[in-house]
Amino acid sequence: MREFKDDEGRPWRLVMTVGAAARVRDLVQIDIVDEEPQADGSTRKVDRRIPFDLIDVSNIGRALEVIRSRYTTVGEVLYAIMCRQVDERKMTREDFLDGLRGDSLEAAQKALEEELVDFFPLRLRRMIAQLVSRMDELQAELASRAEAQLQQTTVESLLEVSGTPSTRPQESSEYIQESGPSANCSPLETLV
C-alpha cells in the first residue's frame, strides 16, 4: 500500500490488487502502434486503442512506459484504482483528476509505479524492479543529454527549427533601401 496527497492536500491510499487492475483494464484505454502483417510478407504500422492491462507481464515494459510518460492516463488509472475512495468522499471523477498536477501528480505516479512493482510475486518483482532501475538510469541520461543540448541551443536555431522567420535583419545590401522615398513612391505616400 502506498499513500500520496493530491494538489489540495487530500490524502489517498493506493493499493494494487487484481480487482484494481481489472477496473483499470475495464475503464482505461491506451493508444498503441502495432505492426500488422501484409499479404506480401511486409508489415504496416497501425494505430490501435486497447484496454490498459497493467499487470500483463508480457507487456510490463509498455505499462511502465505509459505510467512514466502519459500523465492523463496516470490520472485515469489512479481514478480506476481508487474510485471507491472518490465515491466515499462524494467527489466526482473530475474533482479527483483536478487534484492532480505538478508535484502531487509526480508523487502519485511514483506511488503507482512502486505499488505495481510490489504487486507481483517475488520472482517477477525482482525482474520488474530491475527493469524500473534501468529505466531510471536511461531517463536520467536522456534528461542530462537534453539539458546539455538546450544549454547549447540559441533562440535563432529554435526559430529555424520551428519555421518561424528570424527577426535578425537581412545581411545582404541588396534588400536594404536607402532612407527617403523610393523611385516608385510619391512624396505624399511617405508621410502616410
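The values are calculated or read from the model by the stated rules, or taken from the named source; none is laboratory data. Remember, it's a predicted structure, so these values are computed and weren't measured experimentally. Glycine also receives a Cβ, built like all others from the backbone with ideal geometry; neighbour counts cover every protein chain displayed. Ligands, DNA and RNA are excluded from the accessible area calculation, which covers all protein heavy atoms including side chains. Shrake-Rupley method; radii C 1.70, N 1.55, O 1.52, S 1.80 Å.
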Roughly how big is the chain's charge dipole about its Cα centre, with Cβ charges of +1 (Lys, Arg) and -1 (Asp, Glu), in debye to the nearest 20? 1080 debye
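Do the sum for the chain: with -39,500 (n - 2.57) for every DSSP H run of n ≥ 4, divided by all residues, what is the mean residue ellipticity at 222 nm, to the nearest 500 deg cm²/dmol?
-17500 deg cm²/dmol
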Please find the FRET efficiency linking THR72 to ARG49, where r is the Cβ-Cβ separation and R0 is fixed at 22 Å, and quote it to the nearest 0.05. 0.95
Can you tell me the equivalent ellipsoid semi-axes for segment 9-168? Use √(5λ) from the Cα gyration tensor, largest first, whole Å. 32, 24, 19
Could you state the angle between the C-alpha long axis of helix 71-88 and the longest principal axis of the C-alpha atoms of the chain, as a value from 0 to 90 degrees rounded to the nearest 10? 40 degrees
In terms of solvent-accessible area of protein heavy atoms at a 1.4 angstrom probe, what is the ranking of TYR79, TYR71, highest value first? TYR71, TYR79
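Using 0.36 nm per residue of separation minus the Cα-Cα distance, give me the extension gain between GLN29 and GLU156 in nm, one decimal. Spell out each step's value before the answer.
Values: separation 127, 0.36 × 127 = 45.72 nm, distance 4.03 nm.
Full-extension gain reported as 41.7 nm.
Quote the charge dipole size of segment 45-130 about the Cα centre in Debye, to the nearest 20; the model charges only the Cβ of Lys and Arg (+1) and of Asp and Glu (-1). Numbers along the way, then the final one.
Working: 15 positive and 16 negative charges, 71 e Å.
Approximately 340 debye in magnitude.
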Which of THR92, THR17, THR43 moves the most in a Gaussian network model of the chain with Cα springs under 10 Å? THR43
If DNA, RNA and ligands are ignored and the probe is 1.4 Å, what is the ranking of ARG68, ARG84, ARG123 by accessible area, most exposed first? ARG123, ARG84, ARG68
With the dipole of the chain defined by +1 on each Lys or Arg Cβ and -1 on each Asp or Glu Cβ, the option from THR164, LEU64, GLN149 whose Cα lies farthest towards the positive pole is LEU64
